[in-house]
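For reference, the structure discussed in these notes is given below.
Here, each number is a calculation from the coordinates, and none is a lab measurement. What you are looking at is a predicted structure, and each value in this text was computed from that prediction instead of being measured. Cβ atoms come from the backbone with ideal geometry, glycine included; neighbour counts cover every protein chain shown.
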Amino acid sequence: MTELDPERLLHALVDHEVEFCVIGAVAAWLQGNPSVTLDLDVMPRRELDNAERLAAALNALAARPRGGERAVELEGADFLGWKAQSFDTDAGPLDVVPLAAAIGGFEDVATIELALGEFSVRVITIDEVIASKEELGRPKDTAALPALYATREALRRRKP
Amino acid sequence: MSTGVIPDQHDVELAEVLLGLTPEERLQALRRYAHLREVAGKQI
């Protein structure tokens with residue numbers, strides 16, 4: 001698996017004008033959650049034009065299905081089932097998650113915009129990350145909750 | 001429900017340290033962590 005370069009992954013998506021938000025552990029990390037992760041989860045808007053832009057971005061990153069050796073030439077139609085798909089890319093692992101437990105899809109989730117230098121991205125709020133982890137309830141999700149609760153508390157303390 | 005959960009104070013302090021960084025700095029830190037982990041993995 002290639003080393004994660006989250007900046008390059010996000011840059012590629014932004015450069016290709018993909019409508020998406022960051023979900024999962026990287027969304028939480030970017031908001032101060034002290035629990036690290038080594039892959040990036042994104043939730044694209046479920047719409048054909050966006051799927052085509054997403055495919056172009058992934059092609060630019062030489063994406064291949066997780067565990068696969070060779071890059072595949074993706075098309076927008078490859079995403080139209082809107083199932084979660086995992087890729088390895090030249091900038092590290094990327095999971096495309098059009099729908100997530102408890103929180104729904106791109107149009108449903110609460111997000112905030114974060115400036116990341118030359119570009120900005122939308123990420124789901126800590127409350128949404130917590131809701132998703134609580135709903136999923138797998139051991140790894142439950143284990144992530146204490147740090148997420150702490151991050152939510154730290155964010156609340158910073159608000160005037 | 002999570003509403004009534006009292007988070008661990010140590011975890012809150014860790015989060016406050018990370019909140020002292022900008023989102024851009026946090027993104028760079030994540031990349032750095034991934035790189036160091038990769039290097040460490042090759043040395044084992």
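Do we have residue A:142 as of a type in the set (S, T, N, Q) and without any contact (Cβ under 8 Å) to a residue 12 or more places away in the chain here?
Considered against the rule, which asks whether it is of a type in the set (S, T, N, Q) and without any contact (Cβ under 8 Å) to a residue 12 or more places away in the chain, residue A:142 comes out as yes.
Considering each of A:105, A:137, A:81 in turn, give the residue that is touching a residue at least 24 places away in the same chain (Cβ under 8 Å) and not polar (S, T, N, Q).
Checking each option against the conditions leaves just A:105.
May I ask you to list the residues in the stretch A:11-66 that are among the acidic types (Asp, Glu) and under 13 Å from the mean Cα position of the chain (by Cα)?
A:19, A:39, A:41
Among the residues of the stretch A:70-77, is any out of contact with any Phe, Trp or Tyr (no Cβ under 6 Å at 6 or more places or on another chain), assigned to a loop (DSSP other than H, G, I, E, B) and closer than 29 Å to residue B:16 by Cα?
no
Among the residues of the stretch A:102-124, how many are closer than 26 Å to residue A:81 by Cα and either of a type in the set (Gly, Ala, Ser) or in a loop (DSSP other than H, G, I, E, B) (or both)?
Result for the stretch A:102-124: 9.
Restricting attention to the stretch A:1-40, report how many residues are surrounded by fewer than 18 Cβ atoms within 10 Å (Cβ to Cβ), more than 8 Å from chain B (Cβ to nearest Cβ) and under 15 Å from residue B:28 (Cα atoms).
Residues meeting the conditions: 1.
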